[in-house]
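Data block below; observations after.
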Amino acid sequence: MKNFQNRHNGSVRGRLHEIIFEADTRAGKIFDLLLQVCILISVLIVMLDSVASFQQRYGELFTVAEWIFTLLFTLEYLLRLYCIGQPLKYARSFFGVVDLLSVLPTYVALFLPGGQFLLSIRILRLLRIFRILKLVKFVGEAEILIQSLRSSGRKIIVFLLTILTLVVIFGSVMYLVEGEGNGFTSIPRSIYWAVVTMTTVGYGDISPQTDLGQAIASFIMVLGYGIIAIPTGIVTAELAFKKQVTTQSCPECSAYGHDPDAEFCKYCGEEL
């Protein structure tokens, strides 16, 4: 962060970065809190505008309020691009895309009626509330969980392919055992029953009637209980090897997830 501070120390750009991207200062906390309030109110307005009775009585007020929020969010988005070192990288990031999608629907609604209801995507931006409340532990654990899921991705894919193979086999067997007379009218429908049974959901819309079919169903149910715990074990094993991360934001690319002792951003190399 020293390079950024040296380049923009005392400048408007540096001050904006401190307020918009950092929640450590009083101004940053106030900005984030006001942002969350605006997001909640704007989402509430979109929801109420979809109710016919409210829309008829307050339709014009909702429209004016929505345009006010859209202009505010548009200004905020432009300021984020202005005060970050790599604006294009931020624009392609998760929050950058969400920020853009939060304002586009209102403009799209000028040419495509009904598009304004897509504005409920703004609720995703409430994920930033973790920075406001400084829940370092929870943010860090979330980053560790994401890294663990990525690391165990291949194992989970193999596991899912195994499950897919099992439900196809069990579904085909039940189609032969029960037949169309008991509701197993096709192999795809029988596979649907196998998925519902193995996941222990058990809707009950299809059920085996023969003794052999019920025995197979019982085996699938018991197997399902054992299978449910496997993905948890895979991810837990990965979690045991993950390091703690901080919520520090890189002033150049706005990336998070750095190690506590990191001196440089592991994504762009900027000094922290």
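Some observations on this one:
- Computed over the alpha-carbon atoms, segment 151-239 gives an Rg to Rh ratio of 1.05, Rh here being the Kirkwood radius from the mean inverse distance.
- Sequence ranges 87-95, 156-164, 170-178, ranked by mean other-Cβ count within 10 angstrom, highest first: 170-178, 87-95, 156-164
- Modelled FRET efficiency - R0 45 Å, E263 with T162, Cβ distances, 0.05 increments: 0.55
- Counting only Cβ charges, +1 for Lys and Arg and -1 for Asp and Glu, the dipole size of segment 151-239 around its Cα centre is about 320 debye.
FYI, it's all coordinate maths here, none of it is from the lab. Computed from a predicted structure; not experimentally measured. We place every Cβ from the backbone using ideal geometry, glycine too, and count neighbours over all the protein chains shown.
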